[in-house]
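Let me begin by presenting the structure, written as structure tokens, before commenting on it.
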Amino acid sequence: MKLVNKHIVITGGTTGIGFQLAKHLLEAGNKVLVVDYSEQNINEALKKEPSLQTLQADLSNPEERVELVGKLEEVFPEYDVFVNNAGIQRWINLQNADKDWSFYHQELAINFEAPMHLSMLTLNHLLTKKEAAIVNVSSGLVINPGAWVPLYTSGKTGLHGFTEALRLQLQDTAVDVFEIFPPAVNTELGGSTEHAYGVAVDEFIPAVLAQIEADQFHVTYGTSKEQFNASKEVNQQTTQNTWEMFKENPTFLNA
């Protein structure tokens, strides 16, 4: 899929991976509309990229998802690519899980329910296009589960399963289905410094777009590429080794 002259919606598109995707896609000659729950984030994104179009929505709320898709038909009816990028990540020690379920459900709602729901809500629209795509952003933790972020891992793993099923169901249509498996990327996901060790987002985004344009439906980079191509035994050992690095971390122990 050539990402030129497309009309692209990106959820969570005002910060991090989403904003850098939006920036690069604008530079390539596309129209881009970003969605965010935060008016402040929207305003800051518009200061940096005034040509962005924006809508505000809380994607943890199913009613607001329905309203969002209705608004898209009014203000951005030519959209032909929908990127489910919005996500939150929380360190959770399940032995300390004493908060109300609504706190935990929010992470699942944003990371799993929202992209699944939005894919279903936008599908009939996308099926009317000569060329269209749904792009779901999951995680390298789908391959090597992150025990310190159990609900994030669960949500992204569910999204991976849904994306695989969706791709099969749409394989005889004009709607392509891509899944991006980011490694740790230096963004503010999970906190302003939690991923400072990750790859630079300016390095990651061009590689992602190149793979989408090459119709590579499983988009990987760096460690996620290594994980994707590794044996089950290697990935099991990597998962255990990574957990050993986190399980005595005070941030996790007190989470």
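The values are calculated or read from the model by the stated rules, or taken from the named source; none is laboratory data. From a predicted model like this one, the values you see are computed outputs, not experimental measurements. Because the Cβ atoms are built from the backbone with ideal geometry, glycine has one as well, and the counts that use them run over all protein chains shown. To get the accessible areas, we keep the full protein, side chains included, count just its heavy atoms, and leave off ligands, DNA and RNA. Shrake-Rupley method; radii C 1.70, N 1.55, O 1.52, S 1.80 Å.
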If you take the residues of the stretch 70-83 that are open to solvent by 30 Å² or more (accessible area, probe 1.4 Å) and in a loop (DSSP other than H, G, I, E, B), which of them is nearest to Asp176 (Cα to Cα)? Glu78
Report the residue count in the stretch 117-131 for those that are over 13 Å from the mean Cα position of the chain (by Cα), surrounded by 13 or more Cβ atoms within 10 Å (Cβ to Cβ) and part of a helix (DSSP H, G or I). 7
Restrict the check to the stretch 2-10 and report whether at least one residue is among the polar types (S, T, N, Q) and at pLDDT below 95. no
From the list Ala109, Ala86, Ala114, Ala165, which one is in a helix (DSSP H, G or I) and open to solvent by 10 Å² or more (accessible area, probe 1.4 Å)? Ala165
Anything in the stretch 110-128 that is within 22 Å of Asp36 (Cβ to Cβ) and free of Cβ contacts under 8 Å to residues at least 12 places away in the same chain? List them, or say none. Met120
Meets criteria (open to solvent by 40 Å² or more (accessible area, probe 1.4 Å), touching a residue at least 24 places away in the same chain (Cβ under 8 Å) and part of a helix (DSSP H, G or I)) for Gln95: no
Helices (runs of 4 or more DSSP H) completely within the stretch 215-255 that count 2 or more residues being under 18 Å from Pro183 (Cβ atoms) and free of Cβ contacts under 8 Å to residues at least 12 places away in the same chain: 223-229, 232-246
Going through Glu74, Glu131, Glu107, Glu63 one at a time, which residue ends up being over 14 Å from Val35 (Cα atoms), of a type in the set (Asp, Glu) and touching a helix residue (DSSP H, G or I) at 6+ places or on another chain (Cβ under 9 Å)? Glu107
Of all strands (runs of 3 or more DSSP E) fully inside the stretch 1-58, the set with 2 or more residues that are within 15 Å of Asp80 (Cβ to Cβ) and touching a residue at least 12 places away in the same chain (Cβ under 8 Å) is 7-11, 31-36
Can you name every residue in the stretch 98-109 that is in contact with a Ser or Thr (Cβ under 8 Å, 6 or more places away or on another chain) and either polar (S, T, N, Q) or in contact (Cβ under 8 Å) with a residue 60 or more places away in the chain (or both)? Gln106
Condition (residue is open to solvent by 50 Å² or more (accessible area, probe 1.4 Å), modelled with pLDDT of 95 or more, out of contact with any strand residue (DSSP E or B) (no Cβ under 7 Å at 6 or more places or on another chain) and of a type in the set (Val, Ile, Thr)) applied to the stretch 153-160: is it met by at least one residue? yes
